[in-house]
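To keep things clear, I will list the structure first and then write my remarks on it.
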Amino acid sequence: MSDISKLIREIGTAITSNITYENLVNKMTEKSLCEAVVKINCQLQNENEVSSWSPEDIVNANQIIKFFGDKVNLKKTPRKTPQKQKNQVPANQQTLSQFIGKKRSSVSILNAPAKKKKVDQVDLASTGSDNMDEATNDGVTDTDIDTEVDNETDAQQSELEELNLDVNAVGVTVEDFHLSKTKRSKVISKRYKEEDEVPEGWYKVDHLAPKPIVLIEKIENIDEIDLMLEHVKGVLEVEDSDFGEIDEIVTTNKFVKVTFKNTYNRDLFCRYSEKNQEGWTVTIPTLRNPCIRVVNVDSLIHLKDDEIIDRIVKKNRFTLNEETVMKIVHRVTRKNGMTLILEVSPIIRELIYRRKGKLMIGYKSFQVSDSFALKTCHTCLSYGHNNCNQQIYCRYCSLGHLGKCKIKGNKKLYKCKSCLRLGHQFNDPSCEVFQTKMSFELQYINYTYEWVMAGKLE
C-alpha cells in the first residue's frame, strides 16, 4: 500500500466521527494535517496519479476534500452582515486552526510567500465567471470585498493563500478529467453549490453512519446463542486486558455481534480475542457492494445480461476493470418493461449519485434508486418478510379497512404501524424503526452513504 493510500485511509477513517477526528488532530500537528489535505487535494486533480488509485481511495479522497471543504465553507455566502464584528474573517476564508477550535497562529501554516489578491480565485470559480468584473454574488460588492481583505494582516493572508482548498478538487471524480481545467472548475463549483438540490424523495443518512462490528460465530462447548452472549459478557466484565471500547453486544440469528465506536477499537478486540480467547471464532463480516434498482426499462429487453451491462457501461462512459464491478443480480420483465437490480462498485455508485441518480439505458435517462436487503411487507406492514397472507393494513392510518383511506393526503393524521406515532406513514425515512433497520443494513455495505436515492412517498 502506497504512502498516499495509507494517508487517505487514515484521514478517511478519522472523519467518520468526532472522537476519531479529535484523536487525529491530537496525533498530527496542525501543519502536518493541513499539508496532508493539500497533498491529497493536489494529487486528486492529477489524472496520472488518480489512475493508479483504488476505487475506495478515490471515494475516500473525495469525502476528505468535501469534509474540509465544508469546514472552510466554500459555498458562496454573504460576507457582510449587520452584526459583523470588526476585522472578522469571512466564513468562507476560515483557516484550519479556526475550524478545529485551536488558537489562530500568526505564522503561515505552509509558509506561503505571496500576499492574497483583492478578489479570491475561489469566488471567481463559484460564480462560474472568467471575468473579474462579474465576480460579485449574493449582494456582495467589490467595495465590501476590498474593505474586508484590507482588514486582514499579512500573516492571516498568507495562511488563507495556502489553506484555501482548491475548488477544482471539491467533488472531482474520474468523469471530470476529460474537461479542461477552466471548464472543470465551473462544472465542479456549480455541482458543489447545488449539492443540496437533490431529487424529491431522497433522504439523508449521514447521521446513521455505520459502526464497525465483529461477529463471534462459535465458542467451544457452547451451542446456544443466548448462552454464548452471557458467556462473552461474563468474560469481558472481569477481564483486565485491554479489549477496546465496546458500544453494544447483542445476538443475531446465528452470531454474537459486538459493535465498536471506531475501527481502532474493533482491531484491538480482534487482537485480544486471538491472544486470550482461543476458543472464540471471531470474524469481521465481509462487506457487499451497493446495489441500485432501475424500473420500467422498455428497451434492451431482447438482450442477455452481459450485453445489457456492456451497453450501459458504454452509454454512461464507465470503466470496468478488476476493481470495478457492474452486474445484474435480479431481472424481471413486466408489462411496463424490465426491472433491473444492479450490483455496482462504490465508485460507480458515487458517479451515479453525483449525476443526481440518472443512468442512461438505451435511448432514455432513468432515475435509479438504491436497493437494500431490507425486507418490507406492504400487506401486514412489518419488516422481515415480503407479501404475506395476513390481514391487509392501511399504510396511512394503520387500520384494516377496505377502500380508499379517508385521511390520505393529510400527513398530520398519518399513523405509522411500526412506531405507532402520528405524522408519518409506514416505511417513512423519518420513522425511528425504519432508521434502526436501515442502520443495520448500511453497516454491511462497502460504501459510506450520505444520501439514499429513493422515490417519492405518496
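Tabulated data for the structure shown
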quantity	calculated
Residue, surrounded by the fewest Cβ atoms within 10 Å (Cβ to Cβ), within segment 265-278, restricted to residues that are farther than 28 Å from residue 372 by Cβ and of a type outside the set (Asp, Glu)	275
For residue 394: the one exception among (1) touching a Gly at 6+ places or on another chain (Cβ under 9 Å); (2) at pLDDT 90 or above; (3) within 29 Å of residue 321 (Cα to Cα)	(3)
Failed criterion for residue 345 (all others in (1) within 23 Å of residue 321 (Cα to Cα); (2) among the small types (Gly, Ala, Ser); (3) over 30 Å from the mean Cα position of the chain (by Cα) hold)	(3)
Odd one out for residue 367 among (1) in the same structural domain as residue 308 (by TED's automatic domain parsing); (2) of a type in the set (S, T, N, Q); (3) closer than 27 Å to residue 253 by Cα	(3)
Evaluation of residue 409 against (1) farther than 30 Å from residue 210 by Cα; (2) of a type outside the set (Val, Ile, Thr); (3) surrounded by 15 or more Cβ atoms within 10 Å (Cβ to Cβ) (one fails), failing number	(3)
Strands (runs of 3 or more DSSP E) fully within segment 208-283 counting 3 or more residues that are hydroxyl-bearing (Ser, Thr, Tyr)	none
Residue 37 out of contact with any strand residue (DSSP E or B) (no Cβ under 9 Å at 6 or more places or on another chain), modelled with pLDDT under 60, assigned by TED's automatic domain parsing to the domain that holds residue 13 and not polar (S, T, N, Q)	no
Residue identified as touching a residue at least 40 places away in the same chain (Cβ under 8 Å), surrounded by fewer than 18 Cβ atoms within 10 Å (Cβ to Cβ) and under 23 Å from residue 445 (Cβ atoms) among 281, 286, 252, 259	259
Filter result for residue 452 (of a type in the set (Val, Ile, Thr) and within 30 Å of residue 324 (Cα to Cα))	yes
Qualifying residue in segment 443-458 (condition: surrounded by 13 or more Cβ atoms within 10 Å (Cβ to Cβ), in contact with a Cys (Cβ under 7 Å, 6 or more places away or on another chain) and among the aromatic types (Phe, Trp, Tyr))	no
Residue, nearest to the chain's Cα centre (by Cα), within segment 373-393, restricted to residues that are buried (at least 17 other Cβ atoms within 10 Å of the Cβ) and assigned to a loop (DSSP other than H, G, I, E, B)	381
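Yes/no matrix, rows are residues, columns are (1) of a type outside the set (Asp, Glu); (2) over 25 Å from residue 448 (Cβ atoms):
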residue: 375; (1), (2): yes, no
residue: 379; (1), (2): yes, yes
residue: 384; (1), (2): yes, yes
residue: 393; (1), (2): yes, yes
residue: 396; (1), (2): yes, yes
residue: 401; (1), (2): yes, yes
residue: 420; (1), (2): yes, yes
residue: 428; (1), (2): no, no
residue: 435; (1), (2): yes, no
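The values are calculated or read from the model by the stated rules, or taken from the named source; none is laboratory data. As the structure is a computational prediction, the values presented were derived from the model and not from experiment. Virtual Cβ from ideal backbone geometry, glycine too; neighbours counted across all protein chains shown.
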